[in-house]
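Colleague: Sharing a structure with you now.
Only the coordinates and a few stated rules stand behind these numbers; no lab work does. Bear in mind the structure is a predicted one, so any value in this text is a computation, not a measurement. Counting neighbours? That spans all protein chains shown, and the Cβs are built from the backbone with ideal geometry, glycine included.
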Amino acid sequence: MAKKASKTSQTTKSPKNPLLAPWRTPFKAPPFAAIEPRHYKPAFTLALKEHKQEIAGIAAREQKPSFANTIVALEKSGALLSKVADVFFNLTSADTNEALQAVERDMAPKLAKHQSAMLLNRRLFLRIADLYERRAELDLDAEALRLLERTYKGFVRAGATLDAKKRKRIAEINTALATLGTAFTQNVLADEQAWHMVLDGERDLAGLPESFRASAAQASAELGKPGKHAITLARSSVEPFLQFSARRDLREEAWRAWIKRGENGGATDNRKIVVEMMGLRAELARLLGFESFAAYALEDTMAKTPAEVRKLLDKVWPAALRRARGEREALEKRARAEGGNFKIAAWDWRYYAEKERKARYDLDEAEVRSYLVLENVLEAAFDTAGKLFGILFEERKDVPVYHPDVRAWEVKTKAGEHVGLFYTDYYARPSKRSGAWMSSYRTQQKLTGNVRPIVVNVMSVARGAPGTPTLLSFDDARTLFHELGHGLHGLLSDVTYPSLAMTNVLQDFVELPSQLYEHWLSRPEVLKRFALQAGTKKPMPERLLAQLEAARTFNQGFQTVEYTASTLLDLELHSLADAKGLDVDAFESEILARIGMPAEITPRHRIPHFQHIIGGYAAGYYSYLWSEVMDADAFQAFVETGNVFDKKTAGKLKTFIYSAGNKQDALDAYVAFRGRPPEIDGLLKKRGLV
């Protein structure tokens, strides 16, 4: 079914509502300044009505089902609904307010109900099933056949083959889950908005480098407290504070606020929501014939089963744990040497790890930051795309944007052909949820003409003080490359059907393009050109490049343990056959104790604020690790040529991975690029676990 399309029905034009009118902006970009919260509800109402009529028309056709009158018609339907929803849900993530949140609470269950009604439409499904059964006779090309098979599978997985009573219950569950999921994410944002810590005076600022002080001063000014410094719950604020602050008491305060999001009691506490959602997901799985939601979710992935995911985790977890225990011993030794008469706690790890790294490799994170100016890192990411894929990014000041922080770029081939429109939105603000992501305002497709995509990358970086550049940690710079990797997966898409386009691929394949792209940031070929000192503009010296390479796998035990622990929590939570009596706190504690989680390390995401698994990564947070097996192996293909920008290898990468969407099986696509299946050795070596 069509998730996105580009044209609006002539019957829905209205001069009073910009969401319902043709967009006469450059590249038909959303006219953000003209769109107000009041416009969304009537636009959704009309778009839902139009889509319902389209679906009813397809289902009621008397003609024998054909690929054109059923599958293609389904792909073309819902254009207006996609147009409205794409704008709305991008803004509720990146620049929300109370009015938008109210609309979201109202519309989320209605949209879920509408989606269920379509996927559970018996007459529509019978037409699709008829085509699926006759697929060998239809003379379809490979992409059309893939679309038919994926459409059929999507309807079956939604419950279309079940009896009427079960279909009705599934629709009710989907509606309830949408309502609960909206509340969950709004609660996390509310907790993030409600907390900040003001640092008052030199004693509170002890240990913090000048670049971080500048961003903390800017954060305080934006909170209406000029002249002071503030720590917020944006990851780019709280994590560097834990890394540098010499005030152990303040580190603990910030750490506790960070890990307690979603479980502070009162109206924003998410634990009851989690219990209800897990119960509904378990019931949904049973209705669909699966023993657990994990089994259901993983059936349509590369992994296929929870057992296969556990097999991967069983290879990684013991090695990560051993490495983390060794790291802990080194940190405790360093703390004792400095007079610390205490055991390392979770709020101490980053602080002493930074000291240990500096002592062991003479590598100072503050010095590294001074060479990672946001503007230069972005230029490096764009330049890498140009070398690999022959595209250019040209800033456009005439394209409407939704916030002053946002910048718009036209992406073109070197011959001048339009590829797509790309938005960058990198600074943290209270109206934006924490984290980083890629999304789209329009999907690429060729079904209704050569429709080019509109893609956005969002991050939450602490802004530099006025007149000073914004400096990134190496992790932030890596995230920028990661999200552009997703962005390129969208921008380079060259697919006929919108349901197969861009990032509409299997869940544990979608992180391959993003994680693979991260590799180029660390290359000396990139750092020597773009890692320029903020003040002197001199390139990063060979000494620092060598230190970065030497320290590449430093603290990887910690990082792998905090990520993998969250993965295991996700998998175990969604493996519950029944959520009755679930105590979220006790469950989390029991799982972490069972796997031997070090007390000094906290999962990267704890259950009450684990937005990945409430959204699209339910039972799928392992996907980052699964894709990392492929990305480590895939980058080796470039290394083996002796040129990390090798044109032939880059051409295959573009053809089979970045531009191919979901036109073929994920493993087949990888093998077409690499010549063989991926091997796990690359991942273990990359993380320094062997």
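Colleague: When the helix-only estimate is applied to the chain (DSSP H runs of n ≥ 4, each -39,500 (n - 2.57), divided by the residue count), what is the mean residue ellipticity at 222 nm, nearest 500 deg cm²/dmol? Walk me through the numbers on the way to the answer.
Modeller: Numbers: 27 runs with 365 residues, N = 690.
So the calculated ellipticity at 222 nm is -17000 deg cm²/dmol.
Colleague: Which one, Leu124, Asn662, Ala551, is farthest towards the positive end of the dipole of the chain when Lys and Arg carry +1 and Asp and Glu -1 on their Cβ?
Modeller: Going by the Cα projections, it comes out as Leu124.
Colleague: Continuing with the same structure: Determine, for each peptide in 284-296, 221-233, the mean count of other beta carbons within 10 angstrom over its residues, then list the peptides with the highest first.
Modeller: Working: 284-296: 19.2, 221-233: 17.5.
Top of the packing list down: 284-296, 221-233.
Colleague: Please tell me which of these pairs span more than 24 angstrom C-alpha to C-alpha: Lys166/Lys580; Lys355/Lys537; Lys41/Lys166? Don't skip to the answer; put the middle values down first.
Modeller: On the way: Lys166/Lys580 21 Å; Lys355/Lys537 27 Å; Lys41/Lys166 30 Å.
Pairs exceeding 24 Å: Lys355/Lys537; Lys41/Lys166.
Colleague: Something else about it: Take every DSSP beta bridge whose two residues both sit in segment 370-550, then give the antiparallel share in percent to the nearest 5.
Modeller: On the way: 19 of 26 bridges.
Close to 75 percent.
Colleague: Relative contact order, percent, of the chain when contacts are C-alpha pairs under 8 Å separated by at least 6 residues?
Modeller: On the way: 1128 pairs, mean separation 110.6, N = 690.
Dividing the mean separation by the residue count of the chain yields 16 percent.
Colleague: Using the beta-carbon distance between Ala267 and Lys228 and R0 = 45 Å, what value does 1/(1 + (r/R0)^6) give for FRET efficiency, to the nearest 0.05?
Modeller: On the way: r = 29 Å, r/R0 = 0.64.
Efficiency, from the Cβ-Cβ distance: 0.95.
Colleague: Run the paramagnetic zone check for Lys304: 7 angstrom along Cα to Cβ, then residues of segment 613-642 with backbone nitrogen under 19 Å.
Modeller: Label zone hits: 620, 622-623, 626-627, 629-630.
Colleague: Further question: Divide, for segment 437-533, the radius of gyration over alpha carbons by 2.2 N^0.38 Å, where N is the residue count. The partial results should precede the final answer.
Modeller: On the way: Rg = 16.0 Å, N = 97, 2.2 N^0.38 = 12.5 Å.
Working it through for segment 437-533, the quotient is 1.28.
Colleague: Give me the distance between the Cα centres of segment 120-190 and segment 443-519, rounded to whole Å.
Modeller: 26
Colleague: Can you give the angle from 0 to 90° between the axis of helix 349-361 and the longest principal axis of the chain, with both taken from C-alpha atoms, to the nearest 10?
Modeller: With both axes taken from Cα atoms, the answer is about 60 degrees.
Colleague: So if I place +1 on the C-beta of Lys and Arg and -1 on the C-beta of Asp and Glu, and nothing else carries charge, what would the dipole magnitude of segment 370-550 be about its Cα centre? I want it in debye, nearest 20.
Modeller: On the way: 20 positive and 20 negative charges, 66 e Å.
Dipole about the Cα centre, nearest 20: 320 debye.
Colleague: Roughly speaking, what is the stretch gain from Lys52 to Phe645, that is 0.36 nm per residue apart minus the C-alpha to C-alpha distance, in nm to one decimal? The partial results should precede the final answer.
Modeller: Numbers: separation 593, 0.36 × 593 = 213.48 nm, distance 4.83 nm.
Length difference between fully extended and current span is 208.6 nm.
Colleague: So, R0 is 60 Å and r is the distance between the beta-carbons of Ala60 and Ala672; what FRET efficiency does that work out to, to 0.05? Don't jump to the answer; show the numbers that get you there.
Modeller: Details: r = 41 Å, r/R0 = 0.68.
The value I calculate is 0.90.
Colleague: Let me ask something else about it. Over segment 195-261, what is the relative contact order in percent, taking alpha-carbon pairs closer than 8 angstrom and at least six residues apart? Write out the running numbers ahead of the final one.
Modeller: On the way: 81 pairs, mean separation 23.3, N = 67.
The value is 35 percent.
Colleague: In whole angstrom, note down how far apart the Cα centers of segment 42-86 and segment 276-291 are.
Modeller: Between the Cα centres of segment 42-86 and segment 276-291 lies a distance of 29 Å.
Colleague: Related question: Would you please classify the overall shape of segment 195-261 from the alpha carbon gyration tensor, given that a ≥ b ≥ c denote the square roots of the eigenvalues, rounded means a/c under 1.5, and beyond that prolate means a/b larger than b/c while oblate covers the rest?
Modeller: Oblate, because a/c is 1.5 or more while a/b does not exceed b/c.
Colleague: Mind jotting down the distance between the C-alpha centroids of segment 583-662 and segment 315-361, whole Å?
Modeller: A separation of 24 Å, based on Cα centres.
Colleague: Which whole-number percentage describes the relative contact order of segment 370-550, with Cα contacts under 8 Å and a sequence gap of 6 or more? Each step should come with its number before you reach the end.
Modeller: Working: 326 pairs, mean separation 42.4, N = 181.
Rounded, it is 23 percent for segment 370-550.
Colleague: Please get the size of the charge dipole for the chain, origin at its Cα centre, with Cβ charges of +1 on Lys and Arg and -1 on Asp and Glu, quoted in debye to the nearest 20. List each step's numbers first, then the result.
Modeller: Values: 100 positive and 88 negative charges, 278 e Å.
Dipole of the chain, to the nearest 20 debye: 1340 debye.
Colleague: Right, here's the next one. How far apart, in nm, are two points set 7 Å out from the Cα along the Cα-to-Cβ line at Arg286 and at Ala465?
Modeller: Going by the 7 Å Cα→Cβ label model, 6.0 nm.
Colleague: Sort 640-652, 163-175 by packing, meaning the average of other beta carbons within 10 Å per residue, with the highest value first.
Modeller: Descending mean neighbour count gives 163-175, 640-652.
Colleague: Also: At 0.36 nm per residue, minus the direct Cα-Cα distance, what do Asp494 and Arg396 gain on full extension? Give it in nm, one decimal, please. Mind showing how you got there, number by number?
Modeller: Working: separation 98, 0.36 × 98 = 35.28 nm, distance 2.34 nm.
Gain on stretching Asp494 to Arg396: 32.9 nm.
Colleague: With a point put 7 Å past each Cα toward its Cβ, work out how far Thr448 is from Arg552 in nm, to one decimal.
Modeller: 4.7
Colleague: Magnitude of the Cβ-charge dipole of segment 195-261, K/R +1 and D/E -1, about the Cα centre, nearest 20 debye? Working shown, then result.
Modeller: Working: 11 positive and 9 negative charges, 45 e Å.
Magnitude of the dipole: close to 220 debye.
Colleague: Of the peptides 28-36, 235-243, how do they stack up when ordered by the mean number of other Cβ atoms within 10 Å, highest first?
Modeller: Details: 28-36: 16.7, 235-243: 23.1.
By packing density, highest mean first, the sequence is 235-243, 28-36.
Colleague: Which length gain, in nm to one decimal place, applies between Arg105 and Ser575 when the Cα-Cα distance is subtracted from 0.36 nm times their residue separation?
Modeller: Numbers: separation 470, 0.36 × 470 = 169.20 nm, distance 2.84 nm.
Going from the current span to full extension adds 166.4 nm.
Colleague: Reachable lysines from Lys304, Cα under 21 Å, same-chain residues fewer than 8 places away excluded?
Modeller: Lys153, Lys315, Lys663
Colleague: How far apart, in nm, are the 7 Å Cα→Cβ label points at Asp249 and Asp383?
Modeller: 4.7
Colleague: Which Cα, out of Val198, Gly467, Ser292, lies furthest along the positive dipole direction of the chain (beta carbon charges, K/R +1, D/E -1)?
Modeller: My answer, from the dipole projection, is Ser292.
Colleague: Which one of Asn504, Leu484, Gln515 has its Cα pushed farthest toward the positive end of the charge dipole of segment 450-515, where Lys and Arg give +1 and Asp and Glu give -1 at the Cβ?
Modeller: Sorting the options by dipole projection puts first Leu484.
Colleague: Assuming R0 = 25 Å, what is the FRET efficiency of Lys166 and Glu133, from their Cβ-Cβ distance, to the nearest 0.05?
Modeller: Details: r = 22 Å, r/R0 = 0.89.
Computed FRET efficiency for Lys166 and Glu133 comes out at 0.65.
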